[in-house]
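Report on the following structure.
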Amino acid sequence: RQMCIRDSRVHSLLGGDVEIFEFSVSQMSKACNKKIFELEWPQDSLALFVQRGEQYIIPTGDYQMHEGDIVGMMAVSGASLTKIRSLFE
């Protein structure tokens, strides 16, 4: 099973209480070909942007993620990051 190819901290806010990360959607990830509303995101997280090729998108709940998309996520707690990471593995 292929893991996400990018999982990097982009920025830390509020003394490290809020983290912004990027994840790549792989063909084998739970997020691949799913709409944002179909996934069980932690309540203290938010999909901020999606990069598809050269295009940047502010996603809504109806946005369907595809292999190769890079998703910028914000999470308040470490437990949320673990849950989010599992959607991209």
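The values are calculated or read from the model by the stated rules, or taken from the named source; none is laboratory data. Keep in mind that what you see is a predicted model, and the values were worked out from it rather than measured. All Cβ positions, glycine included, derive from the backbone under ideal geometry; neighbour counts span all protein chains shown. The accessibility values were calculated without ligands, DNA or RNA, using every heavy atom of the protein model including side chains. Shrake-Rupley method; radii C 1.70, N 1.55, O 1.52, S 1.80 Å.
Residue count for the range 50-73, restricted to those that are farther than 16 Å from S26 by Cβ, open to solvent by 50 Å² or more (accessible area, probe 1.4 Å), part of a strand (DSSP E or B) and of a type outside the set (S, T, N, Q): 1.
Of note, S26 satisfies the criterion of being of a type in the set (S, T, Y), open to solvent by less than 90 Å² (accessible area, probe 1.4 Å), outside any strand (DSSP E or B) and modelled with pLDDT under 90. Looking only at the range 31-49, residues that are among the hydrophobic types (A, V, I, L, M, F, W, C), assigned to a helix (DSSP H, G or I) and open to solvent by 30 Å² or more (accessible area, probe 1.4 Å) come to 1 in all. No other residue among A79, A47, A75 is small (G, A, S) and modelled with pLDDT of 90 or more apart from A47.
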